[in-house]
Amino acid sequence: MSEMKKIKNLKEFSTSADRFEGANLLCPGCAHSIIVREVLNATNDDLVLSASTGCLEVCTAVYPYTSWDASWIHIGFENGSTAVAGAESMYKALLKKGRLKQPERNPKFVSFAGDGASYDIGFQWISGCMERGHNIMHVVLDNEVYANTGGQRSSSTPIGGSNTTTPAGTHSYGEKKNKKDMVSIMASHHIPYAAQVAPNKWKDMVKKIQHGFSVDGPVFINAVSPCTTEWKFDPKDTMMLTDLSTDSLVFPLYEIIEGRELNITYRPKNVVPVEEYLAAQGRFKHLFKDQYKYLIKEWQDRVDANWAYLNRREEARV
Amino acid sequence: MAFDKMELRDIEVWDGNFAAAQALRQCQVDVVAAYPITPSTPIVEGYAKFQANNYVEGEFVMVESEHAAMSSCIGAAAAGGRVATATSSQGFALMVETLYQASGMRLPIILNVVNRALAAPLNVNGDHSDMYLGRDSGWIQLDAYCPQDAYDLNFIAFKVAEDHGIRLPCMIHQDGFMTSHTAQGVATLADDAAYNFVGNFQPMNDMLDFEHPVTHGVQTEEDWHFEHKARQHNDLMTKVIPKIQAAFDDFEKLSGRKYNLVEKYDIDDADIAVVCMGTSVETAREVATEMRAKGIKAGVIGIRVIRPFPFMQMQEALKGLKAIATLDRSAPGGAAGMLFNEIAGSMYNLETRPMISGKIYGLGGRDLTKAHLVELFTELQANVDAGKITTPLQQFVGVRGPKLSFL
């Protein structure tokens, strides 16, 4: 068992050795790089990483360059989880056979994928990895849209967002369907650990990542990743948007142990109205027109209902 | 050793599936990730049984689809170890995306393909539709005619694919049911001899070497993609063929069994020949011998190495012939047929070249009988006698109803 990395404060955290370089092609203000760095910095152990096709992948491994100072693989859109699971199988095989080059190391196997590559096209592959019990962590960089290809809806896209395949118009308020509850679905595989995280609450996030690394078996992490390009906000406001997402409870922070025990890990002191979260983003601009204003109330009701549901589960220890 | 060895008789009665499973056991594969599909399922089941009884030490991962099987193989191979799997038909079709990724990432994965028709209409029997679907995937592809070949070619495959000068994945094709489920005598290698022939796996750019982190599966656009693909193709055409020949030579020294890049049967003085793959090679050889007894100089060219296609060796084999027919076991879907095209292309620039006609046969497991081949050889001889092709250029063999042809 490797020793847990101790992190005292943000300054120390931000100056620990980078295995994900700042030299990458992600948009200014993209939350992906912050999340990835927080995940990688949570451990000093060796890493075997994958990225599914998407923003993170196309912006960090363009031949002949790489932003990764750790073992890294990309295969396709849907199978990043399985790529890392395959590497983990090889690790177990070589450990048994005594052929590891550095047998004393304690590598961590992490797969990064967007919401499209997780909620939609990669769903089956992730489910397979969770069910088989691989010792891997799958991290969703959830920006609720196919951002890499220009803003098409995914099954993580929330109601009322205007996207290129579900645009708002005179006869449409944009996306009609509610976001898939991926954390619950993954937790229902009864994996050791599933959690929702946000990069602004970095201590909560690091604690969850470290717990994820400490358990034996698959871990699922859903990380909210505000997208300056598709959510349409100023790149300098990424953390402000993340604050709004957690403090409005649109992205509540919680964890589910073994699929059977839910803990809420962050309770905002001052809960922000959902309207403020929506108003800060261009993708919801049309909701403030008279014809669609009713949707803002529906939004608030839905978020309240979900928060009540999470609280009921926590109280009942289920 | 943490696992048990198996005492084999000099000759075992195995079908093609079990022969392949035994070869995988003897090569001590580190990770097998698989998903069962008819008719290749017994390879996976056989391997599972070996694991359940401690005859293999590696990881055996039953995944949720063929796409995941090859994805897992890619991750495992990039991590740095010996990797293999098996599939057929629809499963192969589902894998196709990852086949290109495996070869483009230069990962030596071994895939046993038990050839079967592709739906629709759904069909579980043998033809070469799946093989043809993967023909441009950048894999080395070897063809077995019988269970013995299915066993032997696995050793050749590992030896060639894992060579650091090659680093390409390799398929071994065998006919669904006709080879995969037909038990025959298979001359075996002892466990140690088999393993030593293949040798220890030598990792390269392995993700599990933490002192040397590597990035696998990068993006290349118009600035570099072409160079990667061109070099890979050039390696296939210039490096792989000599390496396969060397492996065939070494294998002959070990086993006494001789394989060739192009399997010529009674070709040197032949006037006519059929060019075919899989189990039909053996049937055609038998019929060619019978035609010889009737005074017809018949021969057979068997395709042993489908990819890289051995153009030079094929030219050499074809140049003295007067009339040939290619036997394609896949619906060409609006073309002349893969084998017809490859063979025609390889001999077009020869000064003297045989007349060529194309046959489509055996779709969905339809038998190719000796009577069909007698008719075919007779037709080829008629072409020679007439000095021209006397039949339509493309015909179906053994299809019911009106004769269908477009050329």
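Each reported figure results from applying straightforward, stated rules to the coordinates on display, with no laboratory input. These numbers were taken from a predicted model, which means no experiment stands behind them. Cβ sites come from the backbone with ideal geometry, for glycine too, and all protein chains shown count toward neighbours.
Set the Förster radius R0 to 41 Å, insert the Cβ-Cβ distance between residue A:292 and residue A:149 as r into 1/(1 + (r/R0)^6), and round the FRET efficiency to 0.05.
Values: r = 26 Å, r/R0 = 0.64.
Here the calculated transfer efficiency is 0.95.
Multiplying the residue separation of residue A:95 and residue A:17 by 0.36 nm and subtracting their alpha-carbon distance yields 25.3 nm. Simple spin-label estimate for residue A:203 and residue A:102 gives 3.2 nm between the two label positions (7 Å along the Cα-to-Cβ direction from each Cα). Round to the nearest 0.05 the FRET efficiency obtained for residue B:350 and residue A:258 when R0 = 45 Å and r is the Cβ-Cβ distance. For R0 = 45 Å, the calculated efficiency reads 0.05.
With contributions of -39500 (n - 2.57) from each DSSP H run of at least four residues, the per-residue ellipticity at 222 nm computed over chain B stands at -12000 deg cm²/dmol.
One Cα centroid belongs to the range B:164-213, the other to the range A:98-171; the line between them spans 33 Å.
Per-residue Karplus couplings for the range A:155-167, computed as 6.51 cos²θ - 1.76 cosθ + 1.60 with θ equal to phi - 60°, are listed in order as 7, 9, 5, x, 4, x, x, 8, 10, 5, 9, 9, x Hz, Gly and Pro entered as x.
Using only side-chain charges placed at the Cβ, +1 for Lys and Arg and -1 for Asp and Glu, the dipole size of chain A relative to its Cα centre rounds to 360 debye.
Please work out how much length the chain gains when fully extended from residue B:341 to residue B:406, using 0.36 nm per residue of separation minus the C-alpha to C-alpha distance, in nm with one decimal.
Values: separation 65, 0.36 × 65 = 23.40 nm, distance 1.55 nm.
Extra length from residue B:341 to residue B:406 when fully extended: 21.8 nm.
In the range A:96-244, a dipole from Cβ-located charges (positive for Lys and Arg, negative for Asp and Glu) runs towards its positive end, and of A:200, A:152, A:113 it is A:113 whose Cα lies farthest in that direction.
Within 10 Å of each candidate Cβ there may be at most 16 other Cβ atoms; applying that plus a DSSP loop requirement, which trypsin sites (Lys or Arg not before Pro) in the range A:208-314 survive?
On the way: sites: A:208, A:232, A:236, A:260, A:269, A:283, A:285, A:289, A:293, A:297, A:302, A:312, A:313; in loops: A:260, A:269, A:289, A:293.
Sites meeting the loop and neighbour criteria: A:260, A:269, A:289, A:293.
Residues B:45, A:3, arranged from fewest to most other Cβ atoms within 10 angstrom of their Cβ, appear as A:3, B:45.
Within the set of other residues whose C-beta is less than 10 Å from the C-beta of residue B:355, count the net charge using Lys and Arg as +1 and Asp and Glu as -1. That works out to +3.
A simple count of charges around residue A:132, restricted to other residues whose Cβ falls under 13 Å of its Cβ and scoring Lys, Arg +1 and Asp, Glu -1, yields -3.
Which entries of A:11/A:92; A:208/B:49; B:5/B:370; A:96/B:159; A:180/A:207; A:96/B:258 show an alpha-carbon separation above 32 angstrom in the structure shown?
A:11/A:92; A:208/B:49; B:5/B:370; A:96/B:258
Got a sec? Charge dipole of the range B:262-397, +1 on Cβ for Lys and Arg, -1 for Asp and Glu; which of B:274, B:341, B:355 is way out at the positive end? Comparing the listed Cα positions along the dipole, B:341 ranks first.
Taking a straight Cα-Cα cut-off under 18 Å and skipping sequence neighbours fewer than 8 places away in the same chain, the aspartates and glutamates within cross-link reach of residue A:6 are A:18, A:38, A:45, A:46, A:204.
Distance between the modelled labels on residue B:183 and residue B:100, one decimal in nanometres: 4.3 nm (7 Å Cα→Cβ projection). Put in line by how crowded their Cβ is, counting other Cβ atoms within 10 Å and starting with the fewest, A:294, A:146, A:65, A:254 read A:294, A:65, A:254, A:146.
Most simply put, the protein assembly as shown has about 25% antiparallel DSSP beta bridges, counting only bridges with both residues inside it.
A Cβ-based charge dipole, computed about the Cα centre of the protein assembly as shown with Lys and Arg at +1 and Asp and Glu at -1, lands at about 760 debye. Where only DSSP H runs of four or more residues are counted, chain A gives -10000 deg cm²/dmol as its mean residue ellipticity at 222 nm, each run worth -39500 (n - 2.57). Projecting the Cα atoms of A:167, B:125, B:75 onto the charge dipole of the protein assembly as shown (Cβ charges, centred on the Cα centre) puts A:167 farthest toward the positive pole. Please state the shape class of the range B:262-397: rounded when a/c is under 1.5, otherwise prolate if a/b exceeds b/c and oblate if not, all from the C-alpha gyration tensor. Verdict is rounded for the range B:262-397. The simple spin-label model puts a point 7 Å past each Cα toward its Cβ; for residue B:57 and residue B:385 those points are separated by 6.6 nm.
Sort the following peptides by mean Cβ neighbour count (other Cβ atoms within 10 Å, averaged over residues), highest first: A:80-87, A:173-180, B:13-20, B:171-178. Please report the intermediate quantities before stating the final value.
Values: A:80-87: 35.6, A:173-180: 17.0, B:13-20: 25.5, B:171-178: 28.0.
Highest to lowest by the protection proxy: A:80-87, B:171-178, B:13-20, A:173-180.
Quick one: go through the range B:106-140 and flag any residue whose amide nitrogen is under 16 Å from the point 7 Å out along the Cα-to-Cβ line of residue A:124. Those under the cut-off are B:119. A Förster radius of 51 Å combined with the Cβ-Cβ distance from residue B:225 to residue B:268 puts the calculated FRET efficiency at roughly 0.70. Evaluate the relative contact order of chain A (contact order divided by residue number), counting alpha-carbon pairs under 8 angstrom at least 6 apart; express in whole percent. Computed value for chain A: 15 percent relative contact order. Across the range A:195-211, rounded Karplus estimates of 3J(HN,Hα) from the backbone phi angles (6.51 cos²θ - 1.76 cosθ + 1.60, θ = phi - 60°) give 8, 10, 10, 9, x, 6, 8, 5, 5, 4, 5, 5, 4, 5, 4, 5, 4 Hz, Gly and Pro being marked x.
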